[in-house]
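Read-outs throughout are calculated quantities, based only on the coordinates presented, and are distinct from any laboratory measurement. Computed from a predicted model, the values in this text were never measured in an experiment. Note that each Cβ is placed from the backbone with ideal geometry, even for glycine, and that neighbours are counted across all protein chains shown.
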Amino acid sequence: MQKATGQDGGEAAVVGTDGTGPADASGLTGDGTGPLAGIVVADLSRVLAGPYCTMLLADLGATVIKVESPGGDDTRTWRPPVHGDMSTYFMSANRNKHSIALDMKDPEQLELVHRIVGEADVLVENFKPGGLAKYGLDADSVAERWPHLVHASITGFGTAAGAHLPGYDMLVQGVSGFMSLTGETDGPPQKGGVAMMDVMTGLHCAVAILAALREREGSGRGQHVELNLFMTALSGLVNQTSAYVAGGAVPRRMGNDHPSLFPYGPFACRDTDLIISVGNDRQFARLAEVLGMPELAQDEKFATMSARNENRDELRALMVGRLGERDAQQWQDELVEVGVPCAPILGVDEGIAYAEKLGLDPVADAGGVPTVRHPVDYSRTPARHVKAPPHLDEDREAVLAWLEGRGADCEG
């Protein structure tokens, strides 16, 4: 059986990778498999960034206890759409978890929160900076009382001058420059179609936790990792922020065009658009051949990527003129055959169907509920989809039994 340092620094038993132990007896570990089997996560986060992170950890075998307020995670009320009586938004980031509702303003219930945190390996929270101090769950208090814990804090704009700013994804899309880059050249700035900064922050948080757990193996102590949506956004803008920081160039909105590649985007065919993504000169030569215009690849105005970028308007007109003679599917079939990257523009429903066509099995059943499966395939320890997203306080008795099995007094 694996061991971790428990409450107040003492050693506490953690469920073994064979599924044995008190946690398994209370029904909190699922099938006891996965690369993170034996890791316990106290999830005090809500909305998307934190819950998405902890769902990924749960998919990989961690036991995740979702501690909610009596009113529940805000996203439980974000509806429609719904599946039965549950918000599909909430469902998207909360499978494989165990829900218990506790009011931290109540001393007895706060003590239960402390017991859960003390028996966990990881604490994830996204309270406003300073908001947990009155509950004895701020970074300093956690580090002193439970030195074994990996404590991950997510904020919107950090804990310095931006500590008072609310951390909503769209605000970060705005101030990071992302919206200034999104939309048509002559149109207004646009947000992305999904809360991208939340999702990216959740991914970074999962990586940070895994790194801190790895370091704990040698030191025996956890550490505090801090993430904020704003820095995640600036990092996630990759080539665009690099263009300014390293090159002094301020990126601009270009619609569906790419600042450094051409042709790279949707092009009108006879019936609909087809995305063509040419990443090098060899691919362009193949494209020109399929279009019946091989001379384009020899023309000095188009032969190199830099030349194509400089003369993109002229090249675009030539391509659209030829592409308009046939349907998108006909062009796609020929381009795929010669290795030119291309794809149609699909709706979400069509995207799921396309993934099924490619044998990617995008939908996984989690306790009788359809969910989008974990995206990583493991050769020996596959991700699991064993428990439906929980109703509020659904697992209260199981969590209390788990605490009792670990020697905690859970009366109240």
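Give, as a single signed number, the net charge of other residues whose beta carbon lies under 14 Å from the beta carbon of Pro362, with Lys and Arg counted +1 and Asp and Glu -1.
Numbers: positive: Lys357, Arg373; negative: Asp349, Glu350, Glu356, Asp361, Asp365, Asp377.
Result for the local shell: -4.
For region 319-412, run through the chymotrypsin sites (Phe, Trp or Tyr not before Pro) and keep only the ones in DSSP coil with at most 14 other Cβ atoms within 10 Å of their Cβ.
On the way: sites: Trp331, Tyr354, Tyr378, Trp402; in loops: Tyr378.
Answer in residue order: Tyr378.
Amide H to amide H, which residues 5 or more places from His151 or on other chains are under 5 Å from it, using H placed in the peptide plane?
Result for His151 returns Leu123, Gln223, His224, Val225.
With a point put 7 Å past each Cα toward its Cβ, work out how far Glu337 is from Thr381 in nm, to one decimal.
4.6
Could you compute the FRET efficiency for Leu261 and Gln330, with r as their C-beta to C-beta distance and R0 at 25 Å, rounded to 0.05?
Working: r = 24 Å, r/R0 = 0.97.
About 0.55, to the nearest 0.05.
Between Leu360 and Thr185, what is the FRET efficiency for a Förster distance of 45 Å, r being their Cβ-Cβ separation, to the nearest 0.05? Provide the component values of the computation, followed by the final result.
Values: r = 34 Å, r/R0 = 0.76.
Once the sixth-power term is evaluated, E becomes 0.85.
Roughly speaking, what is the stretch gain from Met254 to His164, that is 0.36 nm per residue apart minus the C-alpha to C-alpha distance, in nm to one decimal?
Additional length available on full extension: 29.0 nm.
Separation between the Glu314 and Ile345 pseudo-spin-labels, each 7 Å from Cα along Cα→Cβ, expressed in nm?
Distance between the two pseudo-spin positions: 2.7 nm.
Amide H of Ala364 versus every other amide H placed in the peptide plane: which residues, excluding those fewer than 5 positions away on the same chain, fall under 5 Å?
Thr371, Val372, Arg373
Which one, (1) 20.0; (2) 21.2; (3) 23.1, gives mean projected area of the Cα convex hull in nm² as derived from the coordinates shown?
(3)
If you add up the charges near Val47, with Lys and Arg at +1 and Asp and Glu at -1, over every other residue whose beta carbon is less than 11 angstrom from its beta carbon, what do you get? Could you put the intermediate results ahead of the total?
On the way: positive: Arg46, Arg76; negative: Asp73, Asp74, Asp169, Asp198.
Result for the neighbourhood of Val47: -2.
Run the simple label-point estimate for Asp140 and Ser277 please: 7 Å along Cα→C-beta, distance reported in nm.
4.8
For the chain, what are the DSSP H helices with axial Cα length of 15 Å or more and mean Kyte-Doolittle hydropathy of at least -1.0? It would help to have the intermediate numbers written out before the result.
Details: long enough: 49-59 (16 Å, 0.74); 107-118 (16 Å, 0.03); 196-219 (34 Å, 0.61); 312-323 (16 Å, -0.13).
Qualifying helices, which must be both long enough and hydrophobic enough, are 49-59, 107-118, 196-219, 312-323.
Across all directions of projection, what mean area in square nanometres is found for the Cα convex hull of region 264-353? Can you show the working numbers first?
Details: hull surface 22.9 nm².
Reported value for the Cα convex hull: 5.7 nm².
How high is the FRET efficiency from Asp106 to Glu215, r the C-beta distance, R0 41 Å, rounded to 0.05? Don't skip to the end; give the middle numbers.
Working: r = 36 Å, r/R0 = 0.87.
Calculated value: 0.70.
Arrange the following residues from fewest to most other Cβ atoms within 10 Å of their Cβ: Thr33, Thr77.
Numbers: Thr33 18, Thr77 11.
Ranking Thr33, Thr77 by Cβ neighbours within 10 Å, fewest first, gives Thr77, Thr33.
Can you tell me what share of the DSSP beta bridges in the chain is antiparallel? A percent to the nearest 5 is fine. Mind dumping the intermediate values first?
Working: 17 of 39 bridges.
Counting only bridges with both partners in the chain, antiparallel ones make up about 45 percent.
In what sequence do Lys66, Lys97 fall when counting other Cβ within 10 Å, fewest first?
Details: Lys66 31, Lys97 25.
Lowest count first: Lys97, Lys66.
Summing -39500 (n - 2.57) over the DSSP H runs of n ≥ 4 in the chain and dividing by its residue number, what mean residue ellipticity at 222 nm do you reach, to the nearest 500 deg cm²/dmol? If you can, show how the numbers build up before the last one.
Numbers: 15 runs with 145 residues, N = 412.
The helix contribution divided over the chain gives -10000 deg cm²/dmol.
Exposure proxy check: Leu203, Leu36 ranked by fewest other beta carbons within 10 Å?
On the way: Leu203 16, Leu36 25.
Taking fewest neighbouring Cβ atoms as first place, the list is Leu203, Leu36.
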